[in-house]
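In what follows, a single structure is set out as structure tokens and then discussed.
FYI, it's all coordinate maths here, none of it is from the lab. In this text the structure is predicted, and so the values were computed from the model without any measurement. No Cβ is skipped: glycine too gets one built from the backbone with ideal geometry, and neighbour counts run over all protein chains shown.
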Amino acid sequence: MSTEPTPAPVRFTVVARVLHWTMAVMVIATLFIGVFMVNSISDFHALVAIHEPLGIAIFVFVLVRIGWRLTHVLPPFPPGMGPLDRLAAKYSERLLYALLICQPLIGWAMVSASGLPIVLFGSLHLPAIVPQNITLFAILLRAHIIAAYLLYLTFAAHLAGVLLHTIVIRDRALDRMAFWRAPKSSREVAEGE
């Protein structure tokens, strides 16, 4: 039996990558649908019928993702990433997770306070999590909008960080979450790895 520690994987697990990219598509779709909902009277109900179940799906996915994350070894950051970059990555990710948990819960509470049910599919509704109350609804609506802006900003910062590391720094940080085969670096080619 070996006493050496298991080396950290170079990439996230396939499950983590599937969860990440599926959630990325769902979050982008939900944010855009939310914007269109606010600006559309004729399509409002159709957009709500997509937005609400998608928000609940994101909530479930983020809980699964956090559970997966806590039980699996993470791939290391690229060697050239400094301590400040690592801290920024760590805490922006935590903020993103917190927003992805809070935003659907705020939305669920907001709809509950309005007196309407959250319809998942057909006759499948979620129970109310707060009492019907117009004042509470107004407060939660404001909180949902503020959280949406924070989610936009955090998501944009995450994307900017990925683009910075991919295009400018070129440290292959994106390879940790990619499905494609990572190209070998010039050092690896020279060393015959």
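Please work out the FRET efficiency for the pair LEU174 and ASN133, using the Cβ-Cβ distance as r and a Förster radius of 41 Å; give the result to the nearest 0.05. The computed FRET efficiency comes out at 0.35.
When each full DSSP H helix of the chain is screened for a Cα extent of at least 30 Å along its own axis and an average Kyte-Doolittle hydropathy of at least 1.0, the helices passing are 14-39, 44-70, 134-163. Overall shape: oblate for the stretch 64-103, with the ratio a/c of the largest to smallest alpha carbon gyration tensor axis at 1.5 or above and b/c at least equal to a/b.
Residues TRP180, TRP21, ranked from the fewest to the most other C-beta atoms within 10 Å, line up as TRP180, TRP21. Distant-in-sequence amide contacts of ILE118, defined by a placed amide H-H separation under 5 Å and a gap of 5 or more residues or a different chain, comprise LEU126. For an R0 of 45 angstrom, estimate the FRET efficiency from the Cβ-Cβ distance between ARG86 and ALA143 and round to the nearest 0.05. Calculated transfer efficiency: 0.90.
Computed from point charges on the beta carbon alone (+1 for Lys and Arg, -1 for Asp and Glu), the dipole magnitude for the stretch 14-180 about its Cα centre is near 440 Debye. Checking (1) 12.0; (2) 15.3; (3) 11.0 against the coordinates, the calculated mean projected area of the Cα convex hull in nm² falls under label (2). The LEU164 and ARG17 beta-carbon pair, evaluated with R₀ = 25 Å, returns a calculated FRET efficiency of approximately 0.75.
Residues of the stretch 103-136 with an amide N closer than 16 Å to a point placed 7 Å from the Cα of ALA29 along the Cα-to-Cβ direction: 120-122.
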